[in-house]
1. Listed residues Ser101, Ser147, Ser91; which is within 22 Å of the chain's Cα centre (by Cα) and surrounded by fewer than 15 Cβ atoms within 10 Å (Cβ to Cβ)?
2. Keeping to region 128-155, report how many residues are under 19 Å from Ala113 (Cβ atoms), among the aliphatic types (A, V, I, L, M) and touching a Gly at 6+ places or on another chain (Cβ under 8 Å).
3. Name the residue that is surrounded by the fewest Cβ atoms within 10 Å (Cβ to Cβ), counting only residues in region 63-88 that are of a type in the set (Phe, Trp, Tyr) and without any contact (Cβ under 8 Å) to a residue 60 or more places away in the chain.
4. Given the structure, is Thr106 in contact with a helix residue (DSSP H, G or I) (Cβ under 9 Å, 6 or more places away or on another chain), of a type outside the set (A, V, I, L, M, F, W, C) and in contact (Cβ under 8 Å) with a residue 12 or more places away in the chain?
5. Within region 41-52, can one find any residue that is in a loop (DSSP other than H, G, I, E, B) and farther than 18 Å from Leu87 by Cα?
6. Given the structure, is Leu60 among the hydrophobic types (A, V, I, L, M, F, W, C), out of contact with any strand residue (DSSP E or B) (no Cβ under 7 Å at 6 or more places or on another chain) and without any contact (Cβ under 8 Å) to a residue 40 or more places away in the chain?
7. Collect the residues in region 1-21 that are touching a residue at least 40 places away in the same chain (Cβ under 8 Å) and either touching a Gly at 6+ places or on another chain (Cβ under 8 Å) or open to solvent by 90 Å² or more (accessible area, probe 1.4 Å) (or both), keeping them in residue-number order.
8. If I ask for residues that are more than 22 Å from Val34 (Cα to Cα) and hydroxyl-bearing (Ser, Thr, Tyr), which ones from region 131-185 would you list?
Amino acid sequence: MTFAVRPARWWTVLSGVTTVLVALVCCVIVWTFVPPVVLFPWFALASTVLLISGAVWLVLGLVGWFRFHTLRLTTIAPVMVLATTGLVMLSVPSTVAFAVSKGSLTAASAQCAQSWDDRWFGVYRVWRIQPVDGGCLFYIEGGLIDSIGLAYLPEGAPYLGKPRHDGDIGYEPYSGDWYRFVQRF
């Protein structure tokens, strides 16, 4: 008769802590994909923490399998990572964020009063609003060096593609009359 070896308390605690850390990092990664352009510094930091957590998870998983003949607790973290990857690849965070924010952005674009005040429109923190010919630019927190945001341009964007020179704005279709933009520093 074979008896299962119960996992040691240290293994259970470390596996639980690793799982919670992976869950938090996955939440940060999803959050970095909410703006129209990924919040790169936060994404890079979260990815680094996720890689380190993955190495710890691998060691704990191997110990759990060979010493305690269990994998149940160590399967939670990879499932969360796969779910996060799926959400990001399907653009779920940015799509949901835009759906939640679109009404307040559209209402603000009707007036499009120039502003340098931080304001929240749905889930977007807009730090600048600027009227332009035929529309309105909403500068959103994010971008590494260049400014990024959403533009409401019902007559269409003046230029599609990457910015051509410093100070230039490049537009990319986003949703209907809405465009993502990058303004080169």
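The values are calculated or read from the model by the stated rules, or taken from the named source; none is laboratory data. Just so we're clear, the structure is a prediction, and the values are computed from it rather than from any experiment. Cβ sites come from the backbone with ideal geometry, for glycine too, and all protein chains shown count toward neighbours. Heads up: the accessible areas ignore ligands, DNA and RNA and are worked out on the full protein's heavy atoms, side chains in. Shrake-Rupley method; radii C 1.70, N 1.55, O 1.52, S 1.80 Å.
1. Selected residue: Ser91, the only one of Ser101, Ser147, Ser91 that is within 22 Å of the chain's Cα centre (by Cα) and surrounded by fewer than 15 Cβ atoms within 10 Å (Cβ to Cβ).
2. Going through region 128-155 one residue at a time, the tally reaches 4.
3. As a first pass, look at region 63-88 and keep what is of a type in the set (Phe, Trp, Tyr): 65-66, 68.
Among the residues that remain, those that are also without any contact (Cβ under 8 Å) to a residue 60 or more places away in the chain are: 65-66.
Numbers: Trp65: 12, Phe66: 8.
The extreme case among them is Phe66.
4. Values: in contact with a helix residue (DSSP H, G or I) (Cβ under 9 Å, 6 or more places away or on another chain): no; of a type outside the set (A, V, I, L, M, F, W, C): yes; in contact (Cβ under 8 Å) with a residue 12 or more places away in the chain: yes.
When the stated conditions are applied, Thr106 does not pass them.
5. Step one: filter region 41-52 for residues in a loop (DSSP other than H, G, I, E, B), giving none.
No, region 41-52 contains no residue that is in a loop (DSSP other than H, G, I, E, B) and farther than 18 Å from Leu87 by Cα.
6. Here the answer is no, as Leu60 does not meet what is asked.
7. Residues satisfying the conditions are Ala4, Arg6, Pro7, Trp11, Ser15.
8. Residue satisfying the conditions is Tyr159 alone.
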